[in-house]
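Everything on this sheet refers to the single structure shown next.
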Amino acid sequence: MPVDFSGTWNLISNDNFEGYMVALGIDFATRKIAKMLKPQKVIKQDGDSFYIHTTSTFRDYLLQFKIGEEFEEDNKGLDNRKCKSIVTWENDKLVCVQTGEKKNRGWTHWLEGDDLHLELRCENQVCKQVFKRA
Ligand code: VLZ
(Lines give C-alpha, C1' and ligand atoms only; values in the text may rest on other atoms or scores of the structure.)
Protein backbone atom coordinates (compact mmCIF):
# COMPACT_ATOMS: atom_id res chain seq x y z
CA MET A 1 0.00 0.00 0.00
CA PRO A 2 1.80 3.08 -1.19
CA VAL A 3 -0.06 5.87 0.62
CA ASP A 4 -2.38 6.19 3.62
CA PHE A 5 -5.18 8.73 3.18
CA SER A 6 -6.74 7.92 6.56
CA GLY A 7 -7.73 10.88 8.68
CA THR A 8 -10.01 13.86 9.01
CA TRP A 9 -9.52 16.56 6.42
CA ASN A 10 -10.90 20.09 6.11
CA LEU A 11 -11.40 21.85 2.78
CA ILE A 12 -9.14 24.87 2.33
CA SER A 13 -9.59 25.60 -1.38
CA ASN A 14 -12.16 24.73 -4.01
CA ASP A 15 -11.41 25.82 -7.57
CA ASN A 16 -14.21 25.60 -10.16
CA PHE A 17 -16.67 23.64 -8.00
CA GLU A 18 -19.29 25.79 -9.74
CA GLY A 19 -18.26 24.52 -13.21
CA TYR A 20 -18.27 20.93 -11.96
CA MET A 21 -21.76 21.33 -10.48
CA VAL A 22 -23.07 22.94 -13.68
CA ALA A 23 -21.67 20.00 -15.68
CA LEU A 24 -23.54 17.65 -13.32
CA GLY A 25 -26.75 19.62 -13.87
CA ILE A 26 -27.07 20.76 -10.23
CA ASP A 27 -29.72 23.48 -10.06
CA PHE A 28 -28.90 27.14 -9.33
CA ALA A 29 -30.35 27.27 -5.81
CA THR A 30 -28.44 24.16 -4.72
CA ARG A 31 -25.21 25.45 -6.31
CA LYS A 32 -25.53 28.75 -4.44
CA ILE A 33 -25.62 26.90 -1.13
CA ALA A 34 -23.11 24.21 -2.06
CA LYS A 35 -20.36 26.59 -3.14
CA MET A 36 -20.39 28.30 0.29
CA LEU A 37 -19.72 25.01 2.08
CA LYS A 38 -16.43 23.96 3.65
CA PRO A 39 -16.83 20.17 3.58
CA GLN A 40 -14.86 17.84 5.78
CA LYS A 41 -13.68 14.42 4.65
CA VAL A 42 -13.23 11.46 6.98
CA ILE A 43 -11.24 8.73 5.25
CA LYS A 44 -10.67 5.26 6.62
CA GLN A 45 -8.30 3.10 4.62
CA ASP A 46 -7.87 -0.55 5.58
CA GLY A 47 -5.90 -2.49 3.01
CA ASP A 48 -7.98 -2.40 -0.18
CA SER A 49 -11.10 -1.12 1.61
CA PHE A 50 -11.95 2.55 1.70
CA TYR A 51 -14.55 4.62 3.51
CA ILE A 52 -14.79 8.25 2.39
CA HIS A 53 -17.39 10.34 4.19
CA THR A 54 -17.76 13.90 2.91
CA THR A 55 -19.78 15.96 5.38
CA SER A 56 -21.11 19.49 5.41
CA THR A 57 -23.78 21.53 7.16
CA PHE A 58 -26.04 21.02 4.11
CA ARG A 59 -25.57 17.46 2.82
CA ASP A 60 -23.20 14.61 3.22
CA TYR A 61 -22.05 11.81 0.99
CA LEU A 62 -20.68 8.40 1.97
CA LEU A 63 -18.65 6.26 -0.39
CA GLN A 64 -17.34 2.80 0.45
CA PHE A 65 -15.42 0.65 -2.02
CA LYS A 66 -12.63 -1.83 -2.56
CA ILE A 67 -9.75 -1.22 -4.93
CA GLY A 68 -10.36 -2.79 -8.35
CA GLU A 69 -13.97 -3.87 -7.65
CA GLU A 70 -16.62 -2.16 -9.76
CA PHE A 71 -19.66 -0.98 -7.81
CA GLU A 72 -22.97 0.79 -8.42
CA GLU A 73 -22.79 4.38 -7.24
CA ASP A 74 -26.06 6.26 -6.73
CA ASN A 75 -24.68 9.79 -6.13
CA LYS A 76 -27.60 10.39 -3.78
CA GLY A 77 -27.91 14.03 -2.79
CA LEU A 78 -25.44 15.06 -5.47
CA ASP A 79 -26.86 14.72 -9.01
CA ASN A 80 -28.67 11.46 -8.09
CA ARG A 81 -27.46 9.78 -11.31
CA LYS A 82 -26.41 6.19 -11.05
CA CYS A 83 -23.09 5.12 -12.48
CA LYS A 84 -20.68 2.19 -12.43
CA SER A 85 -17.60 3.19 -10.53
CA ILE A 86 -14.19 1.63 -10.07
CA VAL A 87 -11.24 2.91 -8.07
CA THR A 88 -7.66 1.87 -8.77
CA TRP A 89 -4.16 2.94 -7.79
CA GLU A 90 -2.15 4.80 -10.39
CA ASN A 91 1.21 4.97 -8.63
CA ASP A 92 0.39 6.90 -5.42
CA LYS A 93 -2.84 8.37 -6.78
CA LEU A 94 -6.28 6.95 -6.10
CA VAL A 95 -8.24 7.19 -9.36
CA CYS A 96 -12.01 6.70 -9.72
CA VAL A 97 -13.73 6.29 -13.09
CA GLN A 98 -17.52 6.84 -12.93
CA THR A 99 -19.08 5.37 -16.06
CA GLY A 100 -22.61 6.51 -16.86
CA GLU A 101 -24.60 9.21 -18.59
CA LYS A 102 -21.93 11.90 -18.08
CA LYS A 103 -18.75 11.68 -20.14
CA ASN A 104 -15.31 11.85 -18.55
CA ARG A 105 -16.68 11.57 -15.01
CA GLY A 106 -14.39 10.66 -12.16
CA TRP A 107 -11.99 11.87 -9.51
CA THR A 108 -8.40 11.53 -8.33
CA HIS A 109 -7.01 11.80 -4.78
CA TRP A 110 -3.36 12.26 -3.89
CA LEU A 111 -1.18 13.63 -1.10
CA GLU A 112 1.14 16.58 -1.56
CA GLY A 113 3.20 17.39 1.53
CA ASP A 114 0.71 17.47 4.42
CA ASP A 115 -2.25 18.20 2.13
CA LEU A 116 -4.89 16.00 0.56
CA HIS A 117 -5.70 16.91 -3.02
CA LEU A 118 -8.82 16.02 -4.98
CA GLU A 119 -9.58 16.59 -8.64
CA LEU A 120 -13.24 16.14 -9.60
CA ARG A 121 -14.00 15.73 -13.30
CA CYS A 122 -17.21 15.85 -15.32
CA GLU A 123 -17.41 16.40 -19.06
CA ASN A 124 -15.08 19.35 -19.80
CA GLN A 125 -14.99 20.67 -16.22
CA VAL A 126 -12.32 20.08 -13.59
CA CYS A 127 -12.75 21.09 -9.95
CA LYS A 128 -9.63 21.17 -7.79
CA GLN A 129 -9.94 20.85 -4.01
CA VAL A 130 -7.25 20.93 -1.32
CA PHE A 131 -7.74 19.71 2.27
CA LYS A 132 -5.65 20.05 5.41
CA ARG A 133 -5.64 17.69 8.38
CA ALA A 134 -8.17 18.74 11.01
O1 VLZ B 1 -15.77 12.87 -3.47
O2 VLZ B 1 -17.21 12.68 -5.12
O3 VLZ B 1 -13.51 12.03 -2.10
O4 VLZ B 1 -17.19 10.55 -2.91
C5 VLZ B 1 -20.21 17.50 -1.50
C6 VLZ B 1 -21.38 17.40 -0.56
C7 VLZ B 1 -19.72 16.13 -1.82
C8 VLZ B 1 -22.01 18.69 -0.24
C9 VLZ B 1 -18.98 16.11 -3.11
C10 VLZ B 1 -22.76 19.47 -1.25
C11 VLZ B 1 -18.55 14.71 -3.40
C12 VLZ B 1 -23.42 18.80 -2.40
C13 VLZ B 1 -17.22 14.72 -3.98
C14 VLZ B 1 -24.47 19.61 -3.08
C15 VLZ B 1 -24.71 19.27 -4.51
C16 VLZ B 1 -16.75 13.33 -4.25
C17 VLZ B 1 -15.24 11.61 -3.72
C18 VLZ B 1 -13.77 11.70 -3.43
C19 VLZ B 1 -15.84 10.58 -2.80
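Grab every C-alpha pair in the chain, bin the distances at 5 angstrom width from 0 up to the longest one, and report whole percents.
2, 10, 20, 26, 23, 14, 4, 1, 0
Computing the accessible area with a 1.4 Å probe over protein heavy atoms, can you report the carbon and sulfur percentage for the chain?
Ligands and nucleic acids excluded, carbon and sulfur give 49 percent.
Just to confirm, what accessible area per residue do you get for the stretch 14-134 at 1.4 Å probe, in whole Å²?
Each residue of the stretch 14-134 exposes 56 Å² on average to a 1.4 Å probe.
Report, in deg cm²/dmol and to the nearest 500, the calculated mean residue ellipticity at 222 nm for the chain, where each DSSP H run with n ≥ 4 adds -39500 (n - 2.57) and the sum is divided by the residue count.
-3000 deg cm²/dmol
With +1 assigned to the C-beta of every Lys and Arg and -1 to the C-beta of every Asp and Glu, and no other charges, what is the dipole magnitude of the chain about the Cα centre in debye, to the nearest 20?
Computed about the Cα centre, the dipole is about 520 debye.
So, by mean Cβ neighbours within 10 angstrom, what's the order for 16-27, 106-117 with the highest one leading?
16-27, 106-117
Holding the Cα-Cα limit at 20 Å, pick out from 82/103; 41/128; 44/132; 44/93 the pairs that are longer than that.
Beyond 20 Å: nothing from the list.
Using a cut-off of 10 Å between beta-carbons, work out the net charge of the residues near residue 65 (Lys and Arg +1, Asp and Glu -1, residue 65 not included).
Within the 10 Å Cβ shell, the charges total -3.
The values are calculated or read from the model by the stated rules, or taken from the named source; none is laboratory data. These figures come from a predicted structure and were not determined experimentally. No Cβ is skipped: glycine too gets one built from the backbone with ideal geometry, and neighbour counts run over all protein chains shown. Just the protein is used for accessible areas: all its heavy atoms, side chains included, with ligands, DNA and RNA removed. Shrake-Rupley method; radii C 1.70, N 1.55, O 1.52, S 1.80 Å.
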